[in-house]
1. Tell me, which helices (runs of 4 or more DSSP H) lie completely within the stretch 9-104 with 3 or more residues that are at pLDDT 95 or above?
2. Between a first residue in the stretch 84-98 that is free of Cβ contacts under 8 Å to residues at least 24 places away in the same chain and a second residue that is crowded, with 21+ Cβ neighbours inside 10 Å, which pairs have beta carbons less than 6 Å apart while being 6 or more apart in sequence or on different chains?
3. Report the residue count in the stretch 77-94 for those that are surrounded by 17 or more Cβ atoms within 10 Å (Cβ to Cβ), over 16 Å from residue 3 (Cβ atoms) and not charged (D, E, K, R).
4. Answer yes or no as to whether residue 171 is at pLDDT 95 or above and not assigned by TED's automatic domain parsing to the domain that holds residue 89.
5. Given the criterion among the small types (Gly, Ala, Ser) and farther than 20 Å from residue 134 by Cα, identify the matching residue among 280, 306, 295.
6. Test residue 182 against the criterion of being of a type outside the set (Asp, Glu) and either touching a Gly at 6+ places or on another chain (Cβ under 6 Å) or over 27 Å from residue 8 (Cα atoms) (or both), and give yes or no.
7. On the basis of being surrounded by 19 or more Cβ atoms within 10 Å (Cβ to Cβ), in contact (Cβ under 8 Å) with a residue 24 or more places away in the chain and within 24 Å of residue 188 (Cα to Cα), does residue 119 make the cut?
Amino acid sequence: MLIVYYTNLGAGWEPLTYMVNLAVELFEAELLVLDGKRPNRFQQLEYFLRRRKNTGGESCLLICPNPTLLLSLSLIQGWRKRFNRIAAWIIDSYWVDWIPKIMQVSQLFDHLFVTTQEDVLEWQKLMKTPTTWLPWGSDALRLGGRNSNRIWDLVRVGRQPLEWEDDSQTAQFCLDRNLRFHGRPQFFANANENQAKLMEFYRQTKFSLAFSNIANPTTYTHPSREYLTGRWVDALACGAVVAGIPPKAPSIDRLLWEGATLDLQSVHIQEGLQIIFEAARNWRAEQAEKNYQQALERLDWRWRFAAIADTLNESPKRLHDELQLLNQKIERCMC
């Protein structure tokens, strides 16, 4: 199996890069990394195809940050013939209007996976290709946790509304309420190290701050389609409750569970901190246990990989073994 992925896409894609590395390990696959900002990626693909032996029944999975990057494989002559089955997993699939026109008639892909269930029918209609909802996930099995000893009441990761943006100010407001707050965590250049440290950070807190793209919009977020991102599911996998304004969509309601989020009702810091103060005062270790167990059952990347494996008729032993470990972990959590 070959996995194709784009890199050099800017800050914020480290959790996805970690997932790709995990997929390569568990699928026992070969990885081809393309530079998303360099025009010579087409030559890179052509060179790769020329030197690669034709193995016949091999599968190819393109993990695509956004729809525009679907185009690369379609421009390489002979790519379709080289692989038995080709699929693409589009992460920011809510940008349906970014689908290149040529892709709508290319018939390159046998199957598509999208992270937003509300867009499945539109993708299927435009691409004339079977499409499956495959949402964001997290490595709950290896990096998650349900520990009860949490040194922070609230942490922040990533972009926040204006009133929450100044960590020094937020820390002082929290101190006024006897809340323990930690601002932006340290960033590490290596994606695997960064993800491990980030998940360790989440395991140390009761609440993690995050607001939906509608409550806290910017130039690169979708203006109307609400969606989950890595910081939501990663925090939950570590047992934390996500405090903020959660994204609203039927698929998100089905994916999450009662107690996964704490709705702050507005982006105003004083009102939000009062709600967090009350919730922190009533926090119980059972909340971390529930979030961790639910994340194992609903959010772990291995469930997403299993769906891909079934679709592509792949049966990697490493993935099978880790799914067994995942089920065993879930059973232990339920005891």
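The values are calculated or read from the model by the stated rules, or taken from the named source; none is laboratory data. Everything numeric in this text was worked out from a predicted model, so none of it was measured. Every residue, glycine among them, receives a Cβ derived from its backbone with ideal geometry; neighbour counts consider all protein chains shown.
1. So the answer is 14-27.
2. The qualifying pairs do not exist here.
3. Number of matching residues: 2.
4. Yes; evaluated as a whole, the condition is true for this residue.
5. Answer to the selection: 280.
6. yes
7. no
Quick grid of which residues meet (1) assigned by TED's automatic domain parsing to the domain that holds residue 19; (2) of a type in the set (D, E, K, R); (3) outside any helix (DSSP H, G or I); (4) more than 20 Å from the chain's Cα centre (by Cα):
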site: 275; (1), (2), (3), (4): no, no, no, yes
site: 286; (1), (2), (3), (4): no, yes, no, yes
site: 289; (1), (2), (3), (4): no, yes, no, yes
site: 308; (1), (2), (3), (4): yes, no, no, no
site: 318; (1), (2), (3), (4): yes, yes, no, yes
site: 324; (1), (2), (3), (4): yes, no, no, yes
